[in-house]
1. For the stretch 52-61, indicate whether the set of residues that are in contact (Cβ under 8 Å) with a residue 24 or more places away in the chain, surrounded by 18 or more Cβ atoms within 10 Å (Cβ to Cβ) and in contact with a Lys or Arg (Cβ under 8 Å, 6 or more places away or on another chain) is non-empty.
2. Residues of the stretch 105-130 being acidic (Asp, Glu) and closer than 17 Å to Arg141 by Cβ, which ones?
3. Out of the stretch 92-143, which residues are β-branched (Val, Ile, Thr), under 22 Å from Trp172 (Cβ atoms) and assigned to a helix (DSSP H, G or I)?
4. Considering only residues that are acidic (Asp, Glu) and buried (at least 17 other Cβ atoms within 10 Å of the Cβ), look in the stretch 128-160 and name the one that is nearest to Asp36 (Cα to Cα).
Amino acid sequence: MKTEIMKTLLAFEEGYKTRRLNHLDDFMKLFSDEADTQMIGIGATIPGAYEWFTGKSEIKEIIESDWTYWGAVHFDLENIRLTEKNGVAWFSLCATLEQLESNEEAWTFYENQMKELFENKDLSAHDRMFEATHFGIRRIRERNLGVGHEFPMVITGTLVKDNTWKFHTLHWSMPVD
């Protein structure tokens with residue numbers, strides 16, 4: 001059973017490694033069709049708000065963004081913690097995000113993300129200012145660290161058996177810096 005699960009994880013890794021936008025629809029087949037399928041990004045704090053994506057269409061949008069603006073994600077699958085029981089599997093693994101290039105196009109994208117943070121009425125004015133400032137400082141820090149720098153991450157998730165193993169929930173996290 002773990003061999004089948006690893007096939008899904010290896011396909012996920014390959015997608016993030018090659019980042020071929022013309023294969024994104026095929027890549028999305030790795031995700032469950034269930035309406036509550038989620039991908040929770042490194043900046044998420046509130047379900048349904050910033051970087052908390054529910055459903056395949058929202059998940060597809062963030063993956064397209066990752067593949068366009070992010071660097072290469074390297075998964076440590078040799079040291080994965082993986083458990084399966086009754087058609088559900090859960091895992092945790094370490095990864096790194098390698099900055100591949102100084103992507104000038106990303107700055108407009110980041111600016112729009114900051115605007116979304118400022119417009120989030122679920123947060124107080126103080127929290128909006130804090131989150132947007134932290135986001136902006138982090139993007140500037142990433143750029144200043146330069147091409148080739150690797151940021152550590154942890155990825156956890158669950159998969160469900162539906163003919164093949166598919167992701168139901170993914171959560172990406174980075175240590176606070």
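1. Within the stretch 52-61 (the criterion being in contact (Cβ under 8 Å) with a residue 24 or more places away in the chain, surrounded by 18 or more Cβ atoms within 10 Å (Cβ to Cβ) and in contact with a Lys or Arg (Cβ under 8 Å, 6 or more places away or on another chain)), the answer is no, since none of the residues qualifies.
2. Matches in the stretch 105-130: Glu111 only.
3. Thr133, Ile137, Ile140
4. So in the stretch 128-160, the residues acidic (Asp, Glu) come out as 131, 142, 150.
If we keep only those that are buried (at least 17 other Cβ atoms within 10 Å of the Cβ) as well, we get 131, 142.
Working: Glu131: 26, Glu142: 32 Å.
Here the residue is Glu131.
No value in this document is a laboratory result; all are computed from the given coordinates. Bear in mind that the values here come from a model prediction, so they are computed numbers and not experimental data. Positions of Cβ are generated from backbone atoms using ideal geometry, with glycine treated the same way; all protein chains shown enter the neighbour counts.
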